[in-house]
Amino acid sequence: MSRRSSRVALSFFAFQDIITTVVGIFVLITLLMILQISSADSISDGPTGDYQAILDTLAEIKQSNAALEQKLAAARQQAADADKGMAQTIGRSPESLQDELKNALAALSTAQRQLENTQERAKRADQELADLQKETELARREAEGDAAQTQEEIDSIKKKIARIESSSFPIFGSKLGNGKSLCVIRLGDHPKSSTKHSIRDSATASVMEMKSVDEVIAWVRGRNHSGRHFILLVAPGGADDFDRLRPQMKRLSFGFEVIGSEDDLTIDFQLDEAPPTGADGNSTGDPA
């Protein structure tokens, strides 16, 4: 009579399923991470100064992925060997099988930790690349703003040059050698204005037109005389007004010139864009 074996048959099909599933998950995660790293590595419109460090990091990550793939391949081989040697494992002791299971689980845990570290490094590399792209965009916007401002200044200079070339009158600077601001008062008829008198004040960069010499006298009295030098231009029709204004100028720094009705002069601030015009000095923010 044959004896029945007292040993209990041991099956590793469930263990193979677990190993195969975990290996498949690692392969999928690795492929997704490689695709993400490749996509981030293809961006090339940022500054090149710090790219080499990022590229080195990505190369290390790819090397880590290759090592993980080798470990996963070894795990697959172990699973295949376990499948081929199923008959042999039935005769082995539960203690040795348990040791092998612990070793396999430990290897899987180590691979999982390495994979998490690799993913964290990939995230940091992506963040560094995004920061570089932001810095590049800011630098580009600043450069565009500087270029636009420079172009505006060039256009303004061109317009000023065009006004200088088109001006038929002498051009004086706003400041004299002694530091005083030039103030020109024109008395008499003007070929380009319906009003009889005009004041061009460099201190306030303003042009004023006045109908009577009384307005001119009131304006002169209300100014800070110490910082101004006055020039009186007496055109035809302005002699009487000059006689009335001259006593007010005795204690001031001034000079006068008799000119023709078509003559005038230009102060350099008049070459700028449309200087402010007012009826009196108070409307142009005259300093004390």
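FYI, it's all coordinate maths here, none of it is from the lab. All figures in this text were calculated on a predicted structure; none of them were measured in a lab. Quick reminder, even Gly has a Cβ in these numbers, built from the backbone with ideal geometry, and neighbours come from all protein chains shown.
What dipole magnitude, in Debye to the nearest 20, does the range 114-269 give about its Cα centre under +1 on Lys/Arg Cβ and -1 on Asp/Glu Cβ?
Here the size comes out at about 920 debye.
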Subject >> Normalised per residue, the volume of the convex hull around the Cα set of the range 183-229 (Å³) >> reply: 68 Å³
Subject >> Loop trypsin sites (Lys or Arg not before Pro), the range 95-124, which have at most 15 other Cβ atoms in a 10 Å radius of their Cβ (DSSP) >> reply: none
**OP:** Could I have the simple spin-label model distance between ASP214 and SER96, label points 7 Å from Cα toward Cβ, reported in nm to one decimal?
**Re:** 12.8 nm
**OP:** Using only the alpha carbon atoms of the range 106-228, find the Kirkwood hydrodynamic radius as the inverse mean reciprocal pair distance, in angstroms to one decimal.
**Re:** 21.3 Å
